[in-house]
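Here the structure comes first, spelled out in C-alpha cells, and everything after it is commentary.
The values are calculated or read from the model by the stated rules, or taken from the named source; none is laboratory data. Just so you know, these numbers come straight off a predicted model, no measurement behind them. Don't worry about glycine lacking a Cβ; one is built from the backbone with ideal geometry, like all the others, and counts go over all protein chains shown. Protein only, heavy atoms only, side chains kept; ligands, DNA and RNA dropped before computing areas. Shrake-Rupley method; radii C 1.70, N 1.55, O 1.52, S 1.80 Å.
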Amino acid sequence: MFHEYNPSSVEAKWQKLWEKEHVYDFDLAKAKDPYYMTVMFPYPSGANLHVGHWFQYSIPDSYGRFLRMRGKDVFFPMGFDAFGLPAENYAIKTGTPPAISTKQNADTMVDQFKRMGVMVDWKYSLNTSDPSYYLWTQWLFLEMHKHGLAYKKLGNVNWCPKDQTVLANEQVWDGKCERCGTEVTQKPLDQWYWKITDYTQRLLDGLDDLDWPKKTKIMQRNWIGRKEGIDITYAIKDSSEKIVCFTTRPDTNFGATFIVIAPDHPFAKKISAEEIPSAHQKEVKDYAVVTAKKTEMERQAEGRKKTGAFTGYYAVNTLNNREMPIWVSDFVLANFGTGAVVGVPAHDLRDFEFASAFELPIIRVVVGPDGDTSPVTSVAQVQEEAGTMINSDFLDGLPILEAKEKMKDHMEKKGWGKRIVSFRLRDWLVSRQRYWGAPIPIVYDPEGNPHPVPEEHLPWLLPTDVEFKPTGKSPLTDSKEFIARTEKIFGKGWTPEFDTMDTFVCSSFYYLRYLQQCHGEVRSSATNHDTLIDKAMEKNWMPVDLYIGGPEHACMHLIYARFVMMALHDQGVVSHDEPFKKLVHQGLITNQGAKMSKSKGNVVSPDTFVEKYGSDAFRMFLMFMGPFEQGGDWSDTGIKGIVRFIDRLWKTLNAEKKPDSPDVKAALHRTIKKVTEDIEALHFNTAISALMELLNLIEKEGGCSLETSKIISILLAPLAPHLAEELWQLLTKPTSQQANKPTNFVINQPWPTFDPSLLQSTTMTIAIQVNGKVRGDIVVDATDSKEEILTKAKELENVKKYLDGATIKKEIYVPNRLISFVV
RNA sequence: GCCAUGGUGGCGGAACGGUAUACGCGCGCGACUCAAAAUCGCGUUCCCGCGAGGGAUUGAGGGUUCAAGUCCCUCCCAUGGCACCA
C-alpha cells in the first residue's frame, strides 16, 4: 500500500534537509561555468508575497534549476529594494520607523521565499536601506561628483503637493504623481542632477548588441529620442531681438508662414513686462497668465483646438524675405528645443491646425503622393513623411531627404543656421526631499558651498531623530543629531545636505553588490577592506546573463542602470559597460483583466493555495497558465488539473515496475527533447503538457520501468522541486550512507539526454489530402517507401471517391506528415 | 495621433507554411457508492446527418501557395508605452 502524496509535510521535510545539507549554498569564487541570473528585486511591502511575486520569482527559479542541472554554476541571488515612499507613508500614518517596518517585511518575505522553495543562497542577499549597502549608494554619488557627473541646478521641478516631494519628469504620469496620483505643480528648487545626457549617444548605440526584447529597445530609443535638425536664427523686423527655431524639416522652409513661441519664451516675457513695446502687450500677457494657470490635464482636455495671441512682431525668412507673424501659443513648450517653432502649415499637422484657427497663409512645398499640387485646404492633404519639393527655388524637384541636407548646407553656409543633434532624454534628478532614502553625502560650508563628505565618514548615516510628517522641507532638516554630527566633524556653521537620493540610484548598481556580499560579512570602506566590486569577480560574473523584470521599467530603471554601468566603466571601476546581456519581461498576472493592486482590492493571496496544494502545485499552475512572457488573467479553477497530475504521477511512479513498451520508450525520448527545448525557451506551459502526455501514455500502457521513472523525476525537478526530490529518493532507495549526501539530491543529477534514433515510432500516421482537403489517413511503417505509401493512399476508399474520373496533376509527399493530391 | 504587442472552442491555451483546436479546466454520460465527494472510463469546435460522411471555422476582407492561424496588403478591435517633443 502506498500512501497519498502529502505536499505540506514533504515540502517542509526537504526544505529543512536542503538547508541542513547546504544543497543550495553557493560559492562565487569556485564557479567554473558562471551563469548570473536575477530578477528585479522586490520592495518589502507590508503585504505578503502576492501571486505576481510567485509568478515573477518561482518561474525564473525553475529556469535556474534547469540550467544548474545542465552544468551551469547558476547564481540566483535575491535582495530587497527597501528605500522608498510606501514605508515613509506608512511611518507617517502609524509612527513606525521605516527601518523597523521594512526590516520586518523583508524578514517575512525571506520566510515566504523559503516556503516557495527557491534555490537562493541568502548569504548573498542585500537590502538597500542597510548602511552596509547605502554606503555604496553614497560612494557612487561621490564618484559621480568627482567626475563631474553630479551637479546642482536651480530650476522648475515637478512638485507633488500631497507627497511634498519632487518628481522626475519620468515619474510624472499624465500630469499626475506616479505614486499617489495627485496633480503635479511646478516649484523652483535647488537640486542635484546626474549627467545622463553625457551618455545619450552611447546609451543609444549600446542597444544594438543587447539580447533584449525588440519592443524594449524601441521604447528606449524613443525615450532617448535622438533628432537631427537645425537651429535657424530669424531676425525680427523693427527689433534687435532674434528668435531661434529648432526644426527637423528645414527642407520645407520655403513654406514657412509664421512663428510660434512659448508663452514663457524670453521674447514673450519681455513683451509682457513692457521691456519691448507692443500694441498687443495686453493679449500676450493675458495669454501667458491663462496658460500658467492651466494644468496639464486641462490642456489635454482641450485636445487639438489651437489657441494663441499675436505679438505684433514679424520675423523675416531670409530665404524669400517673407515676413512671418510671431505668435504665442501653449502648444509650444519653453523647455523643449528652443521654445520656438517655425510654422509650415502645409506639412505639419499642428501647424496646419494653428494656421486654420488664425487664418494664416498655407503654402504647399511638397507634392502629394498622387501628384497633387493643389493648395492644401484640409487635414487629409497635410503631407509629412515623403514627397518631392515644389515652390522651393533651388530645392524644386528634390526628394525631401535630399532637400533637407541641401537646405542645411545652404543655411550653414549663409550663417543662418547651425546643425544640431537634439535628444529628448534629460539629466537625472536624484535629489529627494524625503526621509527614507540614502542621505546625499554632501556638506555645506558656512558660505553655502557644497563639499563631498570624505569617504572615511561613509556610511553617512541616516539620522533617526526626525518627524516623518511632510512639511514641504526635507524631513532631515529636523534632526538635531544630523546637524550636530556635521558641525562636530566639519566645524561650526557647516550644514549637511538634507536631501536623500532617488531610489532608482539604489537599484542602478545592486547587481554589482550581490557579487560582493561575501558570506554575510559586512565590511565598510572606513576600514578600507571593501570596494564597490572586486575587479576579478566583476570580470568573471558581469554582465548579468539573464535579467528578468517587468516591462514598466523599460525607460527608467533600465536606462539608469546602463548609464551607471557606463560611467563606472569609464572611471575604471568595472570592465564591462553594459549591465544586462539578456533581458526578459515577465507578463502581468491580472485579476478579471485588471492589474492587481491594493487600491483596487483585487489582490489574490497565494497563501491559501500553497497551504492546501503545496508550493510545487502552485508554481506549476502559474507556469501552466500560459507563456512566461505573456502573463495571464488569474483564475483559481485550473489548479485542480495540476493537483490531479501530481497525484497521478505519484501513484504511477510508485507503482510496480514493468519493462517499457516500445511506444513508452519512444515517447520518453520525445518528452526529454521537448521538455528540454521548451524550458530553454521559457515555455514552461508546453513542457508541462508534454509530461502530462507522457504520463497519459504510461497509464494507458499500465506502467513503466524504474529507469524511466527516474528520468521523469529528474525532468520534473526544475518544475516541482519538492515532489521530484521525494520521488527521486524513493526510486533510488539510497542506503543510509548515501542518503543526504549532496550527490544524491535530484538537483545534482545530470539532465537526461535523448537518443535521436528512438524519437520515431515504428509506424506513423499520414494524412491524405485531395485538393487541399483532408479525406482520410493511413498508418504506414516507418520503413515504407514513397511509392508504397502513395499506392496505399490511393486505395483508401474515401480517397478513391475523389480521385475516380479525375487526372492527378500533382502528388506531393511530405515525409512523416501527409500526401496531397491535386486533381 | 505615433510606437509596440496581441485577437484561435464555453474558458486558460497548443500548433518547423503541412491532419487547427495538443495539454488542462469546465461540461455531459457511465462505473464505483445507500448517497455525495474523490477516483476511473467514454465523449466534448460549430452546423447537417441514426450512421458512414459532408460542410463551415483561427477578429473582417483580399492576395501568394498543391497547402496559410502562420507569409503579403487593407481594415476592425483589445492591451501596454509615449505624446501638442518642433
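The set of residues in the stretch A:693-718 being surrounded by 24 or more Cβ atoms within 10 Å (Cβ to Cβ) and farther than 16 Å from residue A:754 by Cα consists of A:698, A:704, A:717, A:718.
Can you find a residue in the stretch A:87-97 that is surrounded by fewer than 19 Cβ atoms within 10 Å (Cβ to Cβ), at pLDDT 95 or above and touching an Asp or Glu at 6+ places or on another chain (Cβ under 9 Å)? No, the stretch A:87-97 has no match at all.
With respect to residue A:688, is the statement that it is open to solvent by less than 10 Å² (accessible area, probe 1.4 Å), within 9 Å of RNA strand B (Cβ to nearest atom) and out of contact with any strand residue (DSSP E or B) (no Cβ under 8 Å at 6 or more places or on another chain) true? Give the steps one after another, and end with the answer.
Values: open to solvent by less than 10 Å² (accessible area, probe 1.4 Å): yes; within 9 Å of RNA strand B (Cβ to nearest atom): yes; out of contact with any strand residue (DSSP E or B) (no Cβ under 8 Å at 6 or more places or on another chain): yes.
In short, yes.
Beta carbons closer than 6 Å, at least 6 apart along the sequence or on distinct chains, never pair a first residue in the stretch A:5-25 that is free of Cβ contacts under 8 Å to residues at least 24 places away in the same chain and open to solvent by 20 Å² or more (accessible area, probe 1.4 Å) with a second that is part of a helix (DSSP H, G or I) and of a type in the set (Ser, Thr, Tyr).
Provide a single number: the residues in the stretch A:775-813 that are under 14 Å from residue A:823 (Cα atoms), open to solvent by 90 Å² or more (accessible area, probe 1.4 Å), within 11 Å of RNA strand B (Cβ to nearest atom) and out of contact with any Lys or Arg (no Cβ under 9 Å at 6 or more places or on another chain). Reasoning before the result, please.
First pass over the stretch A:775-813, keeping only residues under 14 Å from residue A:823 (Cα atoms): A:775, A:794, A:799-812.
After this cut, where a residue has to be open to solvent by 90 Å² or more (accessible area, probe 1.4 Å) as well, the list is A:801, A:804-805, A:807, A:809-810.
This time we only want the ones that are within 11 Å of RNA strand B (Cβ to nearest atom), so: A:801, A:809-810.
Going one step further and asking which of them are out of contact with any Lys or Arg (no Cβ under 9 Å at 6 or more places or on another chain), we end up with A:809-810.
Qualifying residue count for the region: 2.
Checking the conditions here, which among A:552, A:481, A:487, A:447 is open to solvent by 40 Å² or more (accessible area, probe 1.4 Å) and modelled with pLDDT under 90?
Values: A:481 fails: modelled with pLDDT under 90; A:487 fails: modelled with pLDDT under 90; A:447 fails: modelled with pLDDT under 90.
Of A:552, A:481, A:487, A:447, the one residue that is open to solvent by 40 Å² or more (accessible area, probe 1.4 Å) and modelled with pLDDT under 90 is A:552.
Total residues in the stretch A:582-609 satisfying the condition of being of a type outside the set (Gly, Ala, Ser), at pLDDT 70 or above, open to solvent by 10 Å² or more (accessible area, probe 1.4 Å) and more than 15 Å from RNA strand B (Cβ to nearest atom): the figure is 4.
Residue check: is residue A:244 farther than 20 Å from residue A:389 by Cα, within 13 Å of RNA strand B (Cβ to nearest atom) and open to solvent by 10 Å² or more (accessible area, probe 1.4 Å)? Don't jump to the end; show me each part of the working.
Details: farther than 20 Å from residue A:389 by Cα: yes; within 13 Å of RNA strand B (Cβ to nearest atom): yes; open to solvent by 10 Å² or more (accessible area, probe 1.4 Å): yes.
It is true that residue A:244 is farther than 20 Å from residue A:389 by Cα, within 13 Å of RNA strand B (Cβ to nearest atom) and open to solvent by 10 Å² or more (accessible area, probe 1.4 Å).
Any residue at all in the stretch A:37-49 that is open to solvent by 10 Å² or more (accessible area, probe 1.4 Å) and outside any loop (DSSP other than H, G, I, E, B)? So that I can check it myself, show each step before the final result.
Filtering the stretch A:37-49 down to residues open to solvent by 10 Å² or more (accessible area, probe 1.4 Å) leaves A:40-41, A:43, A:45-48.
Those still in the list that are outside any loop (DSSP other than H, G, I, E, B) too: none.
Looking through the stretch A:37-49, none of the residues is open to solvent by 10 Å² or more (accessible area, probe 1.4 Å) and outside any loop (DSSP other than H, G, I, E, B).
Restricting attention to the stretch A:1-46, the residues that are under 30 Å from residue A:504 (Cβ atoms) and among the polar types (S, T, N, Q) add up to 2. In this structure, residue A:680 does satisfy being closer than 29 Å to residue A:35 by Cβ, more than 10 Å from RNA strand B (Cβ to nearest atom) and out of contact with any Phe, Trp or Tyr (no Cβ under 7 Å at 6 or more places or on another chain).
Residues that are touching a helix residue (DSSP H, G or I) at 6+ places or on another chain (Cβ under 7 Å), at pLDDT below 90, within 16 Å of RNA strand B (Cβ to nearest atom) and among the charged types (D, E, K, R) occur at least once in the stretch A:250-271.
Only one of the numbered conditions (1) open to solvent by less than 20 Å² (accessible area, probe 1.4 Å); (2) under 33 Å from the mean Cα position of the chain (by Cα); (3) not small (Gly, Ala, Ser) is not met by residue A:664, and that is (2). What do you reckon, is residue A:61 over 24 Å from residue A:618 (Cβ atoms) and among the acidic types (Asp, Glu)? No; evaluated as a whole, the condition is false for this residue. Scanning the stretch A:50-72 for residues that are over 12 Å from residue A:113 (Cα atoms) and part of a loop (DSSP other than H, G, I, E, B), we see that the one that is least open to solvent (accessible area, probe 1.4 Å) is A:71. Considering every residue within the stretch A:336-350, establish whether at least one is in contact with a Gly (Cβ under 6 Å, 6 or more places away or on another chain), assigned to a helix (DSSP H, G or I) and at pLDDT below 85. The answer is no, given that none of the residues of the stretch A:336-350 is in contact with a Gly (Cβ under 6 Å, 6 or more places away or on another chain), assigned to a helix (DSSP H, G or I) and at pLDDT below 85.
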